[in-house]
Amino acid sequence: MLDTILITLLIVAICIVLLGVKVFFVKGGKFPNGHVSGSKVMRDRGIGCVQSQDREAQKKPRFSLDELEKALNDSVN
């Protein structure tokens, strides 16, 4: 049982070191930005993350007052 735990911890430690080679061993190194808006190609195609698109959509009014009034009148009739 103890052997299994130690082997597991060793494998996890090796994985962390390998994933963080750039962070640990390169001066000024950092993990790459995996966010959609961090990719230049995605920005060029006009693709953004869902959170940003939702934030922009909530800023815009969904209906103008005239459209809302017309929808209410249509539903009553």
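The values are calculated or read from the model by the stated rules, or taken from the named source; none is laboratory data. Given the structure is predicted, the values throughout are model-derived calculations rather than measurements. Here Cβ is always computed from backbone atoms with ideal geometry, including for glycine, and neighbour counts include all displayed protein chains. Quick note on the areas: whole protein, heavy atoms, side chains included, nothing else; ligands and nucleic acids left out. Shrake-Rupley method; radii C 1.70, N 1.55, O 1.52, S 1.80 Å.
Of all residues in region 42-66, which are surrounded by 10 or more Cβ atoms within 10 Å (Cβ to Cβ) and of a type in the set (A, V, I, L, M, F, W, C)?
Matches in region 42-66: Met42, Ile47, Cys49, Phe63.
Can you name the number of the only condition in (1) closer than 30 Å to Ala13 by Cα; (2) open to solvent by 80 Å² or more (accessible area, probe 1.4 Å) that Val36 fails?
The number of the failed condition is (2).
Among (1) surrounded by 10 or more Cβ atoms within 10 Å (Cβ to Cβ); (2) of a type outside the set (S, T, N, Q); (3) within 30 Å of Leu19 (Cβ to Cβ), which single condition is Ala71 missing?
For Ala71, the failing item is (3).
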